[in-house]
Amino acid sequence: MASLPERGTPPPERTREVTPVGRTGLERNTDNGPDRLLRLAAERRVERFLEGFGMARGSRRDLVIQNCVAQAVTRWREHPDRDLGALALEQAEDTLSRWLTAVLGPELIGEHPPLLVGRAAFEICGAAGSWPGVLATCDRLPPAAVEAIRRAGFAPTPAEAPGSMVAQPLEWWSAKAVLTSVCGLVTRLGRGPGGRPASAS
C-alpha cells in the first residue's frame, strides 16, 4: 500500500514535455505531431492557394485541404525542421499538378509545368464559374468541363532549340576602304538629279 506524503512535504511537480519547433517558438505535442496553431496556419495557406484557382468553399475543398495537410504532417514528422505550411503548399501544388495532367493530357502539357498550363486553361474557359466544384474532382467529372478545359489549354512558347549557324565568308576591311566609301557617298549626295551638282539656294 502506498504511503501518503508527510504533512508539509510539497507535492511532486507535474512536468510536460515541450519540444521547440523550428524558429517559431511554438510548442509541439508529445505525440510527435505539430502544434494546433501550426496546423491551422498550414490549412490556411492551402486554402488561399485553392482560392487563387477559384475553388469554391464547400466539403470538397475542405477534404482537399485536410488531405494535403495530413500528408504534409507525415513528411514533417520525418523532417521537423521544415516549415509545415511550405510542405502543405508543396503537397497542394503536387495534387493539382497531377490532376491537371490527367485532365489536359501529357501530350498538351509536354515539358511545361502543369500548374502553368492548367491555370491558364482554367481561367480562359471560366471553369471556376461554370463548374465551381470541378477542381481536383476525381470522379463524376463533367464531360463538358473536360472538353472546355482541354480546348482552352495551350502549350507556352517552346524553349529555344540549339541550331547550327551557316558559315559566312569573312570580308576584310581597312580604314582606307571605309574612307573611300564615305567620300563616294558624300559626292553622290552633293549632286542633284541626273548627276548634276546641286544648285546652291
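Here, each number is a calculation from the coordinates, and none is a lab measurement. Just so it is clear, the structure is predicted and the values come from calculations on it, not from any experiment. Positions of Cβ are generated from backbone atoms using ideal geometry, with glycine treated the same way; all protein chains shown enter the neighbour counts.
Observations, loosely collected:
- Candidate set from the range 33-48 (those that are surrounded by fewer than 17 Cβ atoms within 10 Å (Cβ to Cβ) and part of a helix (DSSP H, G or I)); member that is farthest from the chain's Cα centre (by Cα): Arg36
Residue-by-condition table, conditions (1) over 19 Å from the mean Cα position of the chain (by Cα); (2) over 20 Å from Val64 (Cα atoms):
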| position | (1), (2) |
| --- | --- |
| Val103 | no, no |
| Glu107 | yes, yes |
| Gly110 | no, yes |
| Val117 | no, yes |
| Ala121 | no, yes |
| Pro132 | yes, no |
| Thr137 | yes, no |
| Glu147 | yes, yes |
| Gly153 | no, yes |
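- Scanning the range 49-88 for residues that are in a loop (DSSP other than H, G, I, E, B) and either over 16 Å from Gly33 (Cβ atoms) or of a type outside the set (Asp, Glu) (or both) turns up Phe53, Gly54, Met55, Ala56, Arg57, Gly58, His79, Pro80, Arg82.
- Within the option set Leu63, Leu108, being free of Cβ contacts under 8 Å to residues at least 60 places away in the same chain and closer than 19 Å to Val146 by Cβ holds for one residue only, Leu108.
- Conditions (1) part of a helix (DSSP H, G or I); (2) touching a residue at least 12 places away in the same chain (Cβ under 8 Å); (3) more than 23 Å from Leu37 (Cα to Cα); number of the one not met by Asp94: (2)
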